[in-house]
1. Name the pairs whose Cβ atoms lie under 9 Å apart, with the first residue in the stretch 111-125 and under 19 Å from G72 (Cβ atoms), the second of a type in the set (D, E) and more than 6 Å from the ligand (Cβ to nearest atom), and 6 or more positions between them or separate chains?
2. Is there any pair linking a residue in the stretch 50-68 that is closer than 20 Å to I28 by Cα and open to solvent by 80 Å² or more (accessible area, probe 1.4 Å) to one that is within 8 Å of the ligand (Cβ to nearest atom) and assigned to a loop (DSSP other than H, G, I, E, B), with Cβ under 7 Å and at least six apart or on different chains, and which?
3. If I ask for residues that are in a loop (DSSP other than H, G, I, E, B), of a type in the set (A, V, I, L, M, F, W, C) and closer than 17 Å to G54 by Cβ, which ones from the stretch 109-124 would you list?
4. Looking only at residues in the stretch 74-132 that are more than 19 Å from H44 (Cα to Cα) and acidic (D, E), which one is most open to solvent (accessible area, probe 1.4 Å)?
5. How many of the residues in the stretch 47-57 are within 10 Å of the ligand (Cβ to nearest atom) and farther than 16 Å from V85 by Cα?
6. Checking Q43 against (1) open to solvent by 20 Å² or more (accessible area, probe 1.4 Å); (2) modelled with pLDDT of 95 or more: exactly one of these is not met. Which one?
7. Does the stretch 95-114 hold any residues that are of a type in the set (V, I, T) and more than 11 Å from the ligand (Cβ to nearest atom), and which are they?
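The values are calculated or read from the model by the stated rules, or taken from the named source; none is laboratory data. Computed from a predicted structure; not experimentally measured. So basically every Cβ, Gly included, is an ideal-geometry build from the backbone, and we count neighbours across all protein chains shown. All accessible areas refer to the heavy atoms of the entire protein, side chains included, with ligands and DNA or RNA removed. Shrake-Rupley method; radii C 1.70, N 1.55, O 1.52, S 1.80 Å.
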Amino acid sequence: MTIRLLRVVALVSACAAWSACDEKLSTIAGPTPNLEPTFASIQHDIFESTDSAGRAACTNCHTNVGRNPSGGLNLVHDLAYDQIVNVASARKPGATRIIPGDPDNSYLVQKLEGKAGIVGNRMPNGGPPYLTDGQIMILRRWVAIGAPRN
Ligand code: HEC
């Protein structure tokens, strides 16, 4: 684990009560300063946006607008939640895209981290840039608290 990641872990642990921690949270969020561990925020700041570090929006490829969604995964507004939470991977047998309460075993998290054993490439395809450690930490937090539709 890098020193930087350890520092992020420490910050996130210190921020168990997220609302009391807005300033620190925006530090962790890096190139997406408004990113919070809610589905609406992840949809807006990760799935549908490029960020100031140059990371591609997921919906450049994961959309049904004008194409078939890459990897059989559609992340456009109003569809994304039902495409990921408790939904099987299209390509990795036995994997589930988001398992509420279990970020380590959620395949979408593994794809963003480039974990060993994923099928295909680390996401976003064509990266770097990938998500920062802090962005992934916030996504993990949303999964850990049960991946609510909020
Ligand atoms: C440049 C196009 C492109 C971008 C941008 C992109 N993806 Fe992908 N994605 C793909 C392709 C192609 C596949 C299928 C091949 C593979 O898995 O490597 C895929 C597969 C996936 C899968 C696996 C789906 C499954 O059911 O097996 C996940 C999860 C995923 N992408 C998440 C994301 C997320 C989250 C982002 C944004 C941070 C993103 N991708 C950005 C092209 C892209």
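1. Partner pairs satisfying both residue conditions: R122/E113.
2. T50/A56; T50/A57
3. Passing the criteria: only M123.
4. Ranking the qualifying residues of the stretch 74-132, first place goes to D104.
5. Residues meeting the conditions: 7.
6. Of (1) open to solvent by 20 Å² or more (accessible area, probe 1.4 Å); (2) modelled with pLDDT of 95 or more, only one is false for Q43: (1).
7. Across the stretch 95-114, the qualifying residue is only I99.
Table: residues versus (1) of a type in the set (A, V, I, L, M); (2) more than 9 Å from the ligand (Cβ to nearest atom); (3) not in a loop (DSSP other than H, G, I, E, B).
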| residue | (1), (2), (3) |
| --- | --- |
| H44 | no, yes, yes |
| T59 | no, no, yes |
| T63 | no, yes, no |
| N68 | no, yes, no |
| N74 | no, yes, no |
| G127 | no, no, no |
| L131 | yes, no, no |
| G146 | no, yes, no |
